[in-house]
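Engineer: Quick one: the structure is below, questions incoming.
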Amino acid sequence: FNLKKWGASQVAEDSRWAYGSPSDGNANFAWVQHSIHHLAPDGQAGFVLANGSLSANTKGEGEVRKKLIEDDIVDCIVALPGQLFYTTQIPVCLWFLDRNKASHGERDRSGETLFIDARQMGQKISRTQIDLTLDEVERITSTFHNWRGTTEESYQDVLGFCASVPTEDIEKQGHVLTPGRYV
């Protein structure tokens, strides 16, 4: 999570960097690409990353994100509120990746990405920390599963909360994955 000076030069030509060489200034996209490298052809992965991963264009991060989008591997992005973790106050996001958006008996989501903006959710449990309620977690997860077609419920975009966005619209936004731009 945002690790700096992680030794990128020692693995600069690594086969895991199919989407571009990650910066030594931030290991987030090294971690993401390491995980993708080890996914099965129908594999899926999820990550907690800093919100900067959604829009940063420094030191190649924007180029890696662009290639992930163009390869149609980004399945869903969830923006979460700050103060969820004891170790950092910053807001974070969830990335869900899927190598094959038409596998696993789900509806074919090729060329689409789901954005969920949950930044306004959460209840204060102390002066420095919030917690998502069970209802809020259920709303996020059911939205995701409805969109994927793994439930009997149908999915619908909800203004200010969620939107299923074609890849072309993400490209028009400069490959920025901030949910607030789309929902």
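The values are calculated or read from the model by the stated rules, or taken from the named source; none is laboratory data. Please read these numbers as outputs of a predicted model, since none were measured by experiment. Note that we place each Cβ from the backbone using ideal geometry, even for glycine, and neighbour counts take in every protein chain shown. What goes into the accessible areas is simple: the full protein's heavy atoms, side chains included, and nothing from ligands, DNA or RNA. Shrake-Rupley method; radii C 1.70, N 1.55, O 1.52, S 1.80 Å.
Engineer: Can you tell me which residue among Ser23, Ser53, Ser15 is touching a Cys at 6+ places or on another chain (Cβ under 8 Å) and hydroxyl-bearing (Ser, Thr, Tyr)? Walk me through how you get there before you give the answer.
Structural biologist: Values: Ser23 fails: touching a Cys at 6+ places or on another chain (Cβ under 8 Å); Ser15 fails: touching a Cys at 6+ places or on another chain (Cβ under 8 Å).
Ser53 is the lone residue from the list that is touching a Cys at 6+ places or on another chain (Cβ under 8 Å) and hydroxyl-bearing (Ser, Thr, Tyr).
Engineer: Looking at Asn2, Asn26, can you tell me which residue is surrounded by fewer than 16 Cβ atoms within 10 Å (Cβ to Cβ), polar (S, T, N, Q) and over 30 Å from Ala102 (Cβ atoms)?
Structural biologist: Just a single option satisfies the conditions, and that option is Asn2.
Engineer: Restricting to the range 124-136, give me the number of residues that are closer than 12 Å to Gly82 by Cβ and open to solvent by 80 Å² or more (accessible area, probe 1.4 Å).
Structural biologist: Looking only at that region, the number is 1.
Engineer: Then there is this: It is to be established whether one or more residues within the range 138-161 are surrounded by fewer than 16 Cβ atoms within 10 Å (Cβ to Cβ), under 27 Å from Gln33 (Cβ atoms) and among the aliphatic types (A, V, I, L, M).
Structural biologist: No, the range 138-161 has no match at all.
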